[in-house]
Amino acid sequence: MEDKGEVKKKRNVKYNVLIVPDTGTETVRQFSVNVQVIKTFVAGIALLMIAALLYCVILTRELNESKNNILVLEVQVSDLTRQNEWLITQKAEQKEELTKVSAALDDKVAQEKKRDEEIAKSFIPSGFPLTGKASYNESEKELEGNPVTWFEAEQGTSVIATAKGTVSSIAGSDTTGYIVMVDHGNGYFTVYRNSAKPEVKEGDDVTTDTELFKIEQWNGKLGYQIIENESYIDPLSLMEING
């Protein structure tokens with residue numbers, strides 16, 4: 001008998017594996033396999049299966065995350081596409097509105113320019129100084145060395161300002177006759193000479209409808225002069241240029 005204190009050695013058990021052919025002509029083969037080898041093989045197969053399973057789990061999770069990310073990206077792309085379409089629409093509408101505003105602004109500028117030109121023109125003494133028909137003396141074209149035009153008008157005619165302006169001075173008397181000077185504020189002055197008492201006073205604003213003198217039978221002669229930038233010019237010349 002073996003002592004109890006001795007450690008029993010485990011028997012190295014081997015298993016025989018028979019390979020039997022399905023025909024009688026072949027030899028039956030036998031292999032001896034150690035149990036430890038079988039256990040190691042099985043353990044290896046198990047580890048491989050566990051590893052494969054873990055890999056499948058991880059891969060499945062990553063695929064799911066990728067699908068979720070793709071869905072999120074598709075939603076974002078869809079939102080961005082809608083926003084882009086909205087921005088394109090807004091840009092087109094703003095461009096159209098800007099075109100309208102620009103056209104309206106250009107039209108307003110043109111109208112203001114035209115109005116300013118008309119206002120500026122209304123202060124240029126290019127009109128006729130009488131409301132009715134009149135003749136002028138072609139032989140008497142100067143007064144004290146300066147150009148002048150003398151008109152002969154019929155009774156009932158009014159002497160009027162030839163443009164908008166302000167009466168800057170009135171000189172003379174009933175004996176010598178009167179001189180009314182109108183400042184048009186743009187370098188032009190007009191001078192009206194008549195023997196009647198003026199219908200306006202200094203400081204009055206005048207237009208082409210303002211009566212400066214009333215022509216009666218005894219005061220039908222009017223002397224008319226234009227000063228441009230402190231120099232006298234031919235009145236008929238300016239009237240001809242401006243129609």
Give the range 97-122 a look and list any residue that's open to solvent by less than 70 Å² (accessible area, probe 1.4 Å) and within 21 Å of Gly187 (Cβ to Cβ), or say none.
Ala120, Ser122
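In the range 153-163, what count of residues is obtained for those that are within 13 Å of Leu212 (Cβ to Cβ) and of a type outside the set (Val, Ile, Thr)?
So the answer is 4.
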Tally of residues being under 24 Å from Asp183 (Cα atoms) and open to solvent by 60 Å² or more (accessible area, probe 1.4 Å) across the range 123-135:
3
Picking from Val35, Val77, which residue would you name as being at pLDDT below 75 and either among the β-branched types (Val, Ile, Thr) or open to solvent by 80 Å² or more (accessible area, probe 1.4 Å) (or both)?
Val35
Selection from the range 106-160 of residues on the phi > 0 side of the Ramachandran plot and among the acidic types (Asp, Glu) yields Glu144
Exactly one of Ser237, Ser231 is among the polar types (S, T, N, Q) and modelled with pLDDT of 95 or more, and that residue is Ser231
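The values are calculated or read from the model by the stated rules, or taken from the named source; none is laboratory data. Because the structure is predicted, anything quoted here is derived from the model rather than measured. A quick note on method: Cβ atoms are made from the backbone with ideal geometry, for glycine too, and the neighbour counts reach across all protein chains shown. Keep in mind that these areas ignore ligands, DNA and RNA; they rest on the heavy atoms of the full protein, side chains included. Shrake-Rupley method; radii C 1.70, N 1.55, O 1.52, S 1.80 Å.
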